[in-house]
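Trainee: Can you keep this structure in mind? I'll have questions shortly.
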Amino acid sequence: MPAMRGATVHVERDPVQLTREYWTAMNQPGAEHFAAMGALMRAYWTMVAELDRLLKPHNLSRTGFLLMSTLLISEAHTRPLGQLSRWLMVHPTTVTLVIDQLADRGLVVRTPHPTDRRTVLATLTERGRVVVTGAAEDLADARFGLTDVGEPLAERLVGVLAQVRARMGDAPAIDTAPAVDTAPEADPEPAVS
């Protein structure tokens, strides 16, 4: 049964494995990379569906939450809009739109840069800190959308993706990435059905 984007599928066979088998049987190129892409996309959409569900009571989008979270961990809770765009890999127009929406709600303020009049700064307000901290607590309780993924598996996932990102030019070279234990090891926290 096909699933809508972000929906969890409960099937006898893993859809990614099944797709890989069909792809290979059809003599299509790059079966392992095709399967890896599919696995990442399915995990991504499942995770973001959960994030969206959890952020809805806070009246935040994923982009709004990520912008506010970045401001929360920034010096003086402030960053130039251009840095936010590059840091989050979000188009500058989207950053401007979301910052405007957050500013309308009193969660951030926009100010001119004190020395570079071409630069606009976004600063998280006290109200914004309360909202983003509350949302972060709810997301942390749900493992940031990685439902039923224990900490050891999450740590291994970050390590494996650091290696992938390094090879794709999005992270430091492998020698500076965290070491990854590739031995198959059971996640000590069993999945809850």
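Trainee: Please compute the net charge surrounding LEU72, taking Lys and Arg as +1 and Asp and Glu as -1 over other residues with Cβ under 14 Å from its Cβ.
Mentor: 0
Trainee: Return the ratio Rg/(2.2 N^0.38 Å) for the range 34-73, where Rg is computed over Cα atoms only.
Mentor: 1.42
Trainee: Could you list which residues have their amide H under 5 Å from that of VAL108, counting only those 5 or more apart in sequence or on another chain, with H placed in the peptide plane?
Mentor: Residues meeting the amide H criterion: ALA103, THR125.
Trainee: Grab every C-alpha pair in the range 73-116, bin the distances at 5 angstrom width from 0 up to the longest one, and report whole percents.
Mentor: Calculated P(r), rounded to whole percents: 5, 21, 29, 30, 14, 1.
Trainee: So, one more: Counting each pair of different Cα atoms once, what's the Kirkwood radius of the range 1-155 in Å, rounded to one decimal?
Mentor: 17.9
Trainee: Provide, for q = 0.17, 0.18 Å⁻¹, the log10 of I(q)/I(0) from a solvent-free Debye sum over equal Cα point scatterers in the range 66-183.
Mentor: So the normalised log intensities work out to -0.98, -1.03.
Trainee: Next question. Under Stokes-Einstein, with the Kirkwood radius over Cα pairs standing in for Rh, what whole-number D in µm²/s applies to the range 21-99 at 10 °C and 1.306 mPa s?
Mentor: In µm²/s, the coefficient rounds to 105.
Trainee: Cα convex hull of the range 9-54: how many Å³ per residue?
Mentor: Measuring per residue, one finds 60 Å³ for the Cα hull of the range 9-54.
Trainee: A further question on this structure: What residues from the range 102-116 fall in the zone where the backbone N is under 16 Å from a label point 7 Å along the Cα-to-C-beta line of ASN59?
Mentor: So the set is 102-109.
Trainee: Let me ask something else about it. Working out 0.36 nm times the residue gap between MET37 and TYR22, then minus their Cα-Cα distance, what length gain in nm do you get to one decimal?
Mentor: Full extension of this stretch gives 3.9 nm more.
Trainee: Let me ask something else about it. What shape does the range 53-94 have by the C-alpha gyration tensor, where a ≥ b ≥ c are the square roots of the eigenvalues, rounded means a/c under 1.5, and otherwise prolate means a/b greater than b/c and oblate the rest?
Mentor: oblate
Read-outs: derived from the displayed coordinates by stated rules, not from any lab. On a predicted model such as this, the values are computed, not experimentally measured, just so you know. Virtual Cβ from ideal backbone geometry, glycine too; neighbours counted across all protein chains shown.
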